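Beneath this line is the structure, given in structure tokens, with notes to follow.
Any read-out appearing in this document is the output of simple, stated calculations on the displayed coordinates, not a laboratory observation. Here the structure is a predicted model, which means the values were calculated and not measured. Here the Cβ positions follow ideal geometry from the backbone for every residue, glycine too, while neighbour counts run over all protein chains shown.
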Amino acid sequence: MSNEIKLKSVLASIFQVDVNLINDETSVDSVEGWDSLTHMNLVLALEQVFNVSFTEEQTVEILNYPLIVITLAEHGVIC
Amino acid sequence: MDIIVNDLLNRFQYALKEHAQMPSFITYNQLYNMARTSAHELKLKAVKAAVLRNITVEPLLPIIGGEMVTLGFAPEIYIADFDAIHTEVFNPQSGLYKFSPDYFLIFQWLEILSPRFSSAFVSLSANEINLEISRLVSYFDRLFFNIRVNSPSPILLNNFPIPDFTTLGILDAQSENLQTYSLLQLNRDLVKVSHKYSGVYWIDTLKLFNLIGYQNSFDEKFWHIAKAPFSKNLLLPLGREFGKFFRCLNGKVKKCLVLDCDNTLWEGIVGEDGAKGIKITSSFQAFQQEVLNFYNRGILLALCSKNNEADVLEVFRDNSDMVLKIEHFATWYINWHDKAANLKQIASQLNIGLDSLVFVDDSVFECNLVREHAPEVVVIELKKYPSFYRKQLLSLGIFDSLSFTEEDKKRNEMYFFEGHRKELLEASHSVDDYLFSLQIKAKFGVVTDFELPRVCQLIQKTNQFNLTSRRYSEGELRLFVGDHNYDVFYINISDKVSSLGIVGVGIVCYKQRVAVINSFLLSCRSLGRGAENALLCLMINEAKAHGCTEIWGEYIPSKKNSQVAEFYKNNNFWFRATEGEVEVWSLVIESDTCYKDVHPKWIQVLSANGVL
């Protein structure tokens, strides 16, 4: 499974949306179930699946798909 | 609509398969989400879990939920607010009790229950330490008491890990009154107080944190952001731990460990290297010792190897480095047939389900073959180096159980004795002669605290000779035992070869003139002696003594109990009605029939205190 598909699967799973609908517009504002609690679930899931540890700053800032991709890249994960 | 459901079922089966091969955060979430949206179409049984907590545990819930899904359940989770434990538990009208959960899952962190004990230990005087331990123990005591007043459902909760850094550093471990041992004392006292209540189970967080290290288990970042202590690395092991408890509490306990031989029990291939050429190195001896530990826990052992039988038996007989002996094995299938077929034979011979087997092999080929052709069997594929084999055997906790009784310790001995009985059978002329020659004695009585663990085990584990497959927890059984309208009976069998212990259970409900048999089961290894007929007759006798004129037997067909479909019919009951999934059979209790004497003639019945 490519990293991009993995990432989209995680988002689809956490927010219970169709994996094919995940794109650059996906953000805390566009997804209904994306709140502080599910955001934490998301961060934990990303850390688990990609074996990375986000900083406190990154944790609260990765609120949309492009930012997640960029931040993962900073940890060596290319999507 | 059918196509959609079919597609859904296929996707679910695929998800389960994926999960079995390589469980991950994603596979757990997938299963959990599918169960939440399509429980009915996927034919999953509803189960309710109530979560009480003083910390954030939401990331863990899909994993715990996913574990339930693998057992065939669709979990409905009620999650109480932070710090609502008091209001939920101590108020009988609370949402918690209205929800009527099948499980209580309680997560409490010591830092919140007792900030001083946890984060400012050095500020406590010796007296204050003891007082604080007492206060905490007393709090849990009241917690359990209040839950039990309102519900018999099992309670699963965490104990407390030892932090990576304790207040006094190297000094702490030098005294039993400082932080390290005080924490251990607290955990011990909590276990003790929980024994006052039935169905309270501890999730050993202390051990889990130890598994991957405190610093890999506790998430400092999320603790400060959201009071969420569990790190990403702990979520899977912690969730899986709950899975082990759910397995035990739902009768899905594995009964038999089947082992390959070459490069699994020893280094080398006996067919090529010869019985003297294979090596039992330290790694393999350690591995064999773990297998022997399972033997002593009452797990059956079997061999399944592609070899000439004589070669393998020669190793067992002549190699003095072997820790395992052939006598430890209940059966062995050493031949050139495919292993899936052999596993089916093993299950059939031992009279257990294929899904009670765990298969261990170092060969990818054999493991995949079994996964494909005998998917009910749990497969442990030995990977990497033999040094790591014993850990791979232990890590799944696949044989973990919530009881360890005398019957368990003696089970393998009994299988050994079975061989002895087979000799007697060959010697006698007819089955009846053989049965008389065994001098079977049955002890029949009402269940008390002494018999309860074993009876509960039977209720949970027995699948085939089980008329209704109703799974009661120890707490629920206790309620039956204490209720004047119910009787819980057991039957204990022994013969001149050995004692089989308690092998049968019957639960009767008395409704004025009618006695209803709500549960009736027998351990399959005791079949063939007529013990089931004896148990039934004695129960009818008791119903008669109670003043009943009719006795009804309930039968709920399941995938595994078709052999008892005609049991009541064969015992002269007539079919009364079907109520939903329950078949009700009825027998008129004749006032002039002495049911105490109608049992099979070759069984001598003793009462509970051993008298005729």
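In table form, for the structure just shown:
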{"item": "Sum of side-chain charges, B:L313 neighbourhood, beta-carbon under 12 Å (Lys, Arg +1; Asp, Glu -1)", "result": "-3"}
{"item": "Potential lengthening between B:Q13 and B:S283 on full extension [0.36 nm per residue; Cα-Cα distance subtracted]", "result": "93.5 nm"}
{"item": "13 Å beta-carbon shell around B:I112, net charge (K/R +1, D/E -1)", "result": "+1"}
{"item": "Most positive-pole-ward Cα, B:T281, B:N351, B:F294, against dipole of region B:256-395 from beta carbon charges", "result": "B:F294"}
{"item": "Sites B:I269 and B:Q604 - FRET efficiency at Förster radius 41 Å, r taken between beta-carbons, to 0.05", "result": "0.20"}
{"item": "Net lengthening on full extension, B:E406/B:F436 (0.36 nm per residue, minus Cα-Cα)", "result": "8.1 nm"}
{"item": "B:V364-B:Q215 pseudo-label distance in nm [points 7 Å out on the Cα-to-Cβ vector]", "result": "3.5"}
{"item": "Chain B: equivalent-ellipsoid semi-axes (sqrt of 5 x gyration tensor eigenvalues, Cα, Å)", "result": "41, 35, 25"}
{"item": "Computed magnitude of the charge dipole of chain B (debye, nearest 20; Cβ of K, R +1, Cβ of D, E -1)", "result": "740"}
{"item": "Footprinting exposure proxy for B:H40, B:H484, B:H86 (fewest neighbouring C-beta atoms within 10 Å first)", "result": "B:H484, B:H40, B:H86"}
{"item": "Sorted by Cβ neighbour density within 10 Å, fewest at the top, the residues B:D433, B:D2", "result": "B:D2, B:D433"}
{"item": "Radius 15 Å from Cβ of A:I14, net charge of other residues (Lys, Arg +1; Asp, Glu -1)", "result": "-1"}
{"item": "Test item: B:23-30 mean partner chain Cβ contacts at 10 Å", "result": "5"}
{"item": "Only Lys, Arg (+1) and Asp, Glu (-1) charged, at Cβ; region A:3-74 dipole about Cα centre in debye", "result": "300"}
{"item": "Kyte-Doolittle mean at least -1.0, axial Cα span of 30 Å or more - DSSP H helices of chain B", "result": "B:126-150"}
{"item": "Extension reserve of the B:R297-B:L184 stretch, reckoned as 0.36 nm per residue once the Cα distance is removed", "result": "38.0 nm"}
{"item": "Computed helical MRE - 222 nm, the protein assembly as shown, DSSP H runs ≥ 4 contributing -39500 (n - 2.57), nearest 500", "result": "-13500 deg cm²/dmol"}
{"item": "Shielding by partners, peptide B:60-68 (average Cβ within 10 angstrom, other chains)", "result": "1"}
{"item": "Spin-label pair B:E581/B:T448, simplified geometry with 7 Å Cα→Cβ offset, distance in nm", "result": "3.6"}
{"item": "Label point distance in nm, B:Y486-A:L67, each placed 7 Å from Cα along Cα→Cβ", "result": "5.5"}
{"item": "Farthest positive-ward along the protein assembly as shown dipole, Cα basis, beta-carbon charges - from B:P453, B:L183, A:L44", "result": "B:P453"}
{"item": "Using a Förster distance of 22 Å, the FRET efficiency for B:A84-B:K227 (Cβ separation, nearest 0.05)", "result": "0.95"}
